[in-house]
Amino acid sequence: MYHKRLIPVAGGVYRPLPVRRYVMKTMGGFWPVLQRLPDGRLGVVTRDGDFHIGERGRLVFVTSSDGGESWSHDTVISAAGPDNRNPAFGVSADGALIAAFIKADRYLDGDWSPEKDPGGYTATYVSRSEDGGANWGRGEWMAGQELERWSGVHDSGPNHPNAYSSPFGKMITLPDGVIVMAHKVKQTSPPTKAATVAIRSRDGGRSWVEPALIAEGFTEPALCYLGDGRLLAMLRSLRNGEQRLCQSDSDDMGYTWSTPRPVTDDQEFPGDVIRLQDGRLLLTYGRRVPPFGVQGMLSSDDGNTWDTDNKLLLVGDVGGRDCGYPSSVQLDDGTIVTVYYAWSIIDDPRMGVHGGALLYRPEDL
């Protein structure tokens, strides 16, 4: 069963921008990751079941068969927490769907307590669906963890400082079938530090090898394949007391990466990048300053420069800064679909926490 509900939205590029907005997920929709499925549907892996921080969190899957207007009931990927969260989502060369996530066992008496099990590693789990998302396998511990090489890692043991790891965003399937997934690692014991890593699978997401450091001092890495062995990563900066998006580039399939450079202003994060059919890159990201919502920018030169003079205000009516995490695809007819989440809409407080789907056209950008 599918459900369709249109929500009014005002978007702009310093001029009117026609955008249609639909409900993607009610009572949840946290950190959605959107992919086109082999059968033409759209699929989103997302979280519901609790607040932003809450041990009842479930990982679920919803689909749209009409280009993002109406969305299905949930299929549960994992409810065996505590707190299934922070998904990455990909489609293998043979059509299998792959969801990676963590079970954040960091709660004491229902409260988030990073002090619980200090030094313990937060493992990433991988679940697969061979039938288009109707059924998902039990999440298996992801091989290749704790093999990262960065300054927060030393000999493993009971006081291992690499205490928090999590996948993020779209998995990228390269032309040769190799899947690249980005994840973040964090040392929670002083001195706290973080890094972003790219890891790859050569067997359709069953095992993961060759972790490569993208950059230290960043988190929530989003990947885009540009062709000819080039990848782009948008990273959420944790440096200098500001949080913005910075860009790192790779010319060797993600094995080595350039020094990140700033792209957005402070409090504009995290991001997602896709290549449009006309060759431009579209960056969408959360806007954590008023007007709260989702913003975007375009690049006509593969990310060497971004059109900061014509930012796209896709959503500007969210009731607070806990919002965004957009994820985008382009349909065969050119329509761009961007999903995101928000806690409320200013003019309709009854909405509550939800996931939204934005539909707009590239010629209007």
The stretch 2-364 - charge dipole about Cα centre, Lys and Arg +1 at Cβ, Asp and Glu -1, debye rounded to 20: 480 debye
Relative contact order for the stretch 2-364, counting Cα pairs under 8 Å that sit 6 or more residues apart, in percent: 15 percent
Cβ charges +1 (Lys, Arg) and -1 (Asp, Glu), total dipole of the stretch 243-337, debye: 380 debye
Reachable lysines, given that their alpha-carbon falls under 24 Å from the alpha-carbon of residue 186 and they are not under 8 places away in the same chain: 103, 116, 170
Whichever aspartates and glutamates have a C-alpha closer than 16 Å to that of residue 184, once near sequence neighbours (fewer than 8 apart) are set aside: 146, 148, 210, 216, 220, 272
Cα-based shape type of the chain, given that a ≥ b ≥ c are square roots of the gyration tensor eigenvalues and the cut on a/c is 1.5: rounded
Top positive-direction residue, dipole computed over the chain with Cβ charges, set 127, 331, 352: 352
Environment charge at residue 195 (Cβ cut-off 14 Å; Lys +1, Arg +1, Asp -1, Glu -1): +2
Between the stretch 75-153 and the stretch 292-347, the alpha-carbon center distance in angstrom: 26 Å
Two-site FRET efficiency, residue 52 against residue 308, from Cβ-Cβ distance with R₀ of 35 Å, rounded to 0.05: 0.75
Ranked by how many other beta carbons lie within 10 Å on average, peptides 327-338, 243-254 from highest: 243-254, 327-338
Label-reachable residues, the stretch 272-304, where backbone N falls under 19 Å from a point 7 Å from residue 228's Cα toward its Cβ: 274-282, 299-304
Estimated inter-spin distance, residue 10 and residue 131, nm [label 7 Å along Cα→Cβ]: 4.7 nm
Protection proxy ranking, peptides 85-95, 1-11, average beta carbon neighbours within 10 Å, highest first: 85-95, 1-11
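Bear in mind these aren't lab numbers, they're just calculated from the coordinates by the rules spelled out. Keep in mind the model is a prediction, meaning the values are calculated, not measured. Please note: Cβ atoms are built from the backbone with ideal geometry, for glycine as well, and neighbour counts cover all protein chains shown.
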